[in-house]
Amino acid sequence: MTLDSRVKAVADIKTELLFDVVVDLNPRLGIGDGPFGRRIFFGAAGGSFAGPRLRGEVLPGGGDWALFRPDGAMTLDVRLTLQTHDGALIHMTYGGRWIVPAELRADMSDPIKRYQVDPARYYFRTNPLFETGSPQYAWLNDVVSVGTGYLVEGAVAYKVCQVI
């Protein structure tokens, strides 16, 4: 294959920690099997986030309208509201994919074993974007970020990194 002559060498993608977040979850709501898979709502009950430039709480009321595809993969559709320690509100949205290998699915379905599975054994990635009217955090409106997810008891957690 010949490389197109218009392709330029550009810098590799680099990231830096934006924050770690834990989203506490309400009991799941099974919306049911539809034309694209099984839809389940995981409602956000609260939580917290902290990083070098911002910290605060995850407010109740958002959640993940997750779609479990027939092939076993989960597609995320998340909307959350973050409140910083100084009262600013930030709208956080992200999609993503959670791919659990077939040999781990039984353990991930078990209410106790799922927290013992090493997150390195599954693929759980997100692409958070932010919106805020707060002048102090307006820089977030222009940030592209990526996240790595994992399960913790009663919650889901992510390491979120800004693409720099």
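Here, each number is a calculation from the coordinates, and none is a lab measurement. Predicted model, so just to flag it, every value in this text is computed and none were measured. Positions of Cβ are backbone-derived with ideal geometry, glycine not excepted, and every protein chain shown enters the neighbour counts.
Using θ = phi - 60° in the Karplus curve 6.51 cos²θ - 1.76 cosθ + 1.60, the 3J(HN,Hα) couplings for the stretch 96-103 round to x, 9, 10, 10, 10, x, 3, 5 Hz; x is entered for Gly and Pro. Backbone phi angles across the stretch 123-133, fed through the Karplus curve with coefficients 6.51, -1.76 and 1.60 (θ = phi - 60°), yield HN-Hα couplings of 9, 9, 10, 9, 9, x, 10, 10, 9, 8, x Hz in residue order; Gly and Pro are listed as x.
Projecting the Cα atoms of Val100, Ser134, Gly61 onto the dipole axis of the chain, where Lys and Arg carry +1 and Asp and Glu carry -1 at the beta carbon, places Val100 farthest toward the positive end. All other residues with a Cβ under 10 Å from the Cβ of Arg69 taken together, and with Lys, Arg as +1 and Asp, Glu as -1, what is their net charge? So the surrounding residues net to +1.
Summarised in one figure, the compactness ratio Rg/Rh of the stretch 1-53, Cα atoms and Kirkwood Rh, is 1.30. Amide H contacts of Val144 (H built 1.01 Å from N, in plane; Pro and chain starts excluded): Val163 sit under 5 Å, all sequence-distant by 5 or more or on other chains. Inter-label distance, Ile40 to Gln136: 3.8 nm, where each label sits 7 Å from its Cα along the C-beta direction.
If we count other beta carbons within 10 Å of each Cβ, what is the order of Ser109, Ser48, Ser145, Ser5, fewest first?
Working: Ser109 10, Ser48 16, Ser145 21, Ser5 6.
In order of increasing Cβ crowding within 10 Å: Ser5, Ser109, Ser48, Ser145.
When the chain is treated as a GNM with alpha-carbon contacts under 10 Å, the residue of Ala44, Ala102, Ala66 showing the greatest mean-square fluctuation is Ala102. If you run the Gaussian network model on the chain, springs between alpha carbon atoms under 10 Å, then out of Glu103, Glu153, Glu131 the most flexible one is Glu103.
The stretch between Val163 and Asp110, if pulled fully straight at 0.36 nm per residue, gains 15.6 nm over its current Cα-Cα span. Annotation for Glu103 and Arg28: the two label points, set 7 Å from Cα along the Cα-Cβ direction, are 2.4 nm apart. Note on the chain: GNM, Cα springs under 10 Å; of Trp65, Trp139, Trp98, the largest mean-square fluctuation is that of Trp139. Amide H to amide H distances under 5 Å link Gly47 with Asp24, Val58, where only residues 5 or more positions off or on other chains count and H is placed in the peptide plane. Based on Cα contacts under 8 Å between residues 6+ apart, the chain shows a relative contact order of 21 percent. Estimated at 0.36 nm per residue, the fully extended path between Lys8 and Trp65 surpasses their Cα-Cα distance by 16.6 nm. Along the Cα-to-Cβ line of His85, 7 Å from the Cα, sits a label point; which residues in the stretch 3-38 have backbone N less than 16 Å from it? Residues 18-22 qualify, since their backbone N sits under 16 Å from the label point.
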